[in-house]
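The values are calculated or read from the model by the stated rules, or taken from the named source; none is laboratory data. Because the structure is a prediction, the values reported are computed rather than measured. Because the Cβ atoms are built from the backbone with ideal geometry, glycine has one as well, and the counts that use them run over all protein chains shown.
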Amino acid sequence: MRSVQRLLVFLGRNRTIFIVALIFLTYTLLSFGFYQARTLNGEINNHILAADMFGVPADLKERGIKTLYHGPVESGWDGQFYYYMSNDILGLKDTASHIDTPSYRYQRVGLSLYAAIVAKILGRDWVSPTIYFLSYLLLILAATLAGAHLFSRLGIHPAFILLWSLSAGTQVTLFNALPDAAADSFLILALAAVYAKRYALSVIPFAFAALSREVYVLFPSFILLFHCINLVSETKGSREWGLRAVVSRFLQWRHYYLLALPGLVAVIWHVYVTQHFGAPPVTGAGIVLGYPLAAWTDYFLSGIKGNHLFVGPGLPAYAEAGSLLLFLTMLAAALWISIYIYIKRYQSVSPEIRGLVLTALCFIFLYASFGPVVIKHYTGYLKAAAVFFFLIPLLLIATDAIRKKQVFVYLLLVIAFSFPAYYSMKVRILPFSGVNDDQYTKMSTVTKTQRIECFDRYEAKIKVKGIEVVKRNFLQHFFGAGDKVVINLELKNTGQYPFVSSQNFGSVFMSYHWIDETGKVITDGVRSAIPGILRPGQSAEISVVSNLPDVHGDRLLKLSPVQEGCAWFYLSNPNISQGLKFHLRQ
């Protein structure tokens, strides 16, 4: 009875914090529900986004783990590697042969090790994708609670931790088994312990943070550095000097030196990885970095010009440019706060704050130097930058900036959170067509070409060769994913211009319109890439996939090529279109 009363008292005192945690859980689980039902084809095992290119380790294949991406050019996502590692922590099985750069991946073993420990605690003899995801979710939840509690103690509203835990970067890494949010989570847990002066308690999460992202070893190292500087300064300023004074100070400050242990663990693991795989981890990091802002400038300028170097033309190009601008804005805000603290507040802030500031400055330079591999897509740079949603409020409270400046910084953070979160929800979480439709849309065949001018005549011939209706399961229907139809057809180029599916203006795709009973277009179709170059007189086999409209009655599916930025073939030449009638039931 007393335990229940204590729990009720604790919940009452921390009601806001638990509301924050509830918001995190509700938003995350609903988002993942949509993502699993639509993109992952209703199968949680698919969240690691594994590909045939690397294959599945033998023991996991025996347990039923399958790839989601198929074909020689489909590489999947990096999360597959970290998941594989959770079932082979020391790299003693055949896991390394299914990883692109084993030494680079294995240096970030923290999340994998944590998931393996959770599985052992639960009495499992392996880490299933479900255990991997749920353990990761639990970790971020714990960090959300710890971060909210720390913010509350420092006079920051606990809800601001949601800028980190619900950000596009954190959600992407959770949904796809990547280690970045895990490193952030361990860091938040460690700093919460440090701010509570429980340095021994901070050692384990600091070590896991360093093992999840190697640069996070800077946090405990720099905090320790400034404590050592304080020790030397106090010793010099004391009347006592010499060896006896140094020993006395050392014994007095001995608990701070526990902060050296995470770095020691990281070094030992680095040596093991180098020896075991025959190459230092840094050999796999070369493509990640470049000259400061060089890649950022190239991709940002291509985005604002409407033809992003990676996502191609249209609204996604402008969205990527906006996301890049907000990314740079966050770095600029962090830079201003860090410099301000060093110039105005250095003597009055604690060694912990000084260490965070120096680490933040290193991160700002590092992130500004991201190369094309990271900068080309929001899922690359935002998952790394998410930590600033936590660090900026933590550092801002250490300044004596006037309230208006603080409000301005928080407004920037809210904007930097909101736009990418909306963009990610729109293009990654909610769309019906996802990676499970790659087998139909074949977007991997898209190439980069120069601008193609609009045709003066639109001519083609379409021959339908097969129709298949794919039924969704209960989970997919629950989260709004309807049944879909797959049309296999033959497209013949009967005109005088070649058809090319590219990432530029004037590219040609196979697509469709759904037409209602009044003749109005109600759905603009998913683009299906044409394999290679379809020259005049040539034909190609193409599959078109569409979700069936969730309505009752007759609908017409108009199949037609489209030249992006120019015209739909069937609107310019009505003889081209193939119309398929569907009688739909809700």
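Before moving on, here are some points about what is shown:
- V486 satisfies every condition listed in (1) more than 13 Å from I542 (Cα to Cα); (2) modelled with pLDDT under 85 except (1).
- Within region 543-578, being touching a residue at least 60 places away in the same chain (Cβ under 8 Å), assigned to a strand (DSSP E or B) and farther than 21 Å from C454 by Cα holds for S543, V544, V545, S546, N547, L557, Q578.
- Looking only at region 35-60, and only at residues there that are among the aliphatic types (A, V, I, L, M) and more than 24 Å from D125 (Cα to Cα), the one that is farthest from the chain's Cα centre (by Cα): M53
For every residue, the table says whether it meets (1) touching a residue at least 12 places away in the same chain (Cβ under 8 Å); (2) closer than 30 Å to S323 by Cβ; (3) in a helix (DSSP H, G or I); (4) not aromatic (F, W, Y).
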{"site": "L162", "(1), (2), (3), (4)": "yes, yes, yes, yes"}
{"site": "Q171", "(1), (2), (3), (4)": "yes, yes, yes, yes"}
{"site": "A182", "(1), (2), (3), (4)": "yes, yes, yes, yes"}
{"site": "A193", "(1), (2), (3), (4)": "yes, no, yes, yes"}
{"site": "K197", "(1), (2), (3), (4)": "no, no, no, yes"}
{"site": "L201", "(1), (2), (3), (4)": "no, no, yes, yes"}
{"site": "L211", "(1), (2), (3), (4)": "yes, yes, yes, yes"}
{"site": "Y216", "(1), (2), (3), (4)": "yes, yes, yes, no"}
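- Residue satisfying all of: in region 22-33; in contact with a helix residue (DSSP H, G or I) (Cβ under 7 Å, 6 or more places away or on another chain) and surrounded by fewer than 20 Cβ atoms within 10 Å (Cβ to Cβ); farthest from L68 (Cα to Cα) among these: I23
- Yes/no for Y69 being among the aromatic types (F, W, Y) and either in the same structural domain as F388 (by TED's automatic domain parsing) or at pLDDT 95 or above (or both): no
- Taking the conditions (1) modelled with pLDDT of 90 or more; (2) exposed (fewer than 15 other Cβ atoms within 10 Å of the Cβ); (3) closer than 26 Å to H227 by Cβ in turn, A332 satisfies each one other than (3).
- Members of region 295-321 found to be in a helix (DSSP H, G or I) and free of Cβ contacts under 8 Å to residues at least 24 places away in the same chain, listed by number: T297, L301, S302, G303, I304, L315, A317, Y318, A321
- Qualifying residue in region 117-131 (condition: of a type in the set (S, T, N, Q) and surrounded by fewer than 17 Cβ atoms within 10 Å (Cβ to Cβ)): yes
Matching residues to (1) basic (K, R); (2) under 27 Å from G303 (Cα atoms); (3) surrounded by 19 or more Cβ atoms within 10 Å (Cβ to Cβ):
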| position | (1), (2), (3) |
| --- | --- |
| L325 | no, yes, no |
| I337 | no, no, yes |
| I343 | no, no, no |
| E352 | no, no, yes |
| A360 | no, no, yes |
| P372 | no, yes, no |
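- Residue in region 351-364 that is in a helix (DSSP H, G or I), hydroxyl-bearing (S, T, Y) and out of contact with any Cys (no Cβ under 9 Å at 6 or more places or on another chain) present: yes
- Options L324, L331, L335: the member that is under 30 Å from N504 (Cβ atoms) and in contact (Cβ under 8 Å) with a residue 24 or more places away in the chain: L324
- Options Y106, Y84, Y69: the member that is under 22 Å from H270 (Cβ atoms), buried (at least 21 other Cβ atoms within 10 Å of the Cβ) and in contact (Cβ under 8 Å) with a residue 60 or more places away in the chain: Y106
- Some residue of region 504-511 being among the hydroxyl-bearing types (S, T, Y), crowded, with 21+ Cβ neighbours inside 10 Å, touching a helix residue (DSSP H, G or I) at 6+ places or on another chain (Cβ under 9 Å) and not assigned by TED's automatic domain parsing to the domain that holds N307: no
- Here A207 clears all of (1) surrounded by fewer than 21 Cβ atoms within 10 Å (Cβ to Cβ); (2) aliphatic (A, V, I, L, M); (3) touching a helix residue (DSSP H, G or I) at 6+ places or on another chain (Cβ under 8 Å) except the condition numbered (1).
- Here I89 fulfils each of the conditions (1) among the hydrophobic types (A, V, I, L, M, F, W, C); (2) exposed (fewer than 15 other Cβ atoms within 10 Å of the Cβ); (3) assigned to a loop (DSSP other than H, G, I, E, B) apart from (2).
- Of all the criteria given as (1) within 17 Å of the chain's Cα centre (by Cα); (2) of a type in the set (A, V, I, L, M); (3) at pLDDT below 85, the one not satisfied by L8 is (1).
- Selection within region 92-123 - of a type in the set (S, T, Y) and part of a helix (DSSP H, G or I): T95, S97, S103, Y104, Y106, S112, Y114
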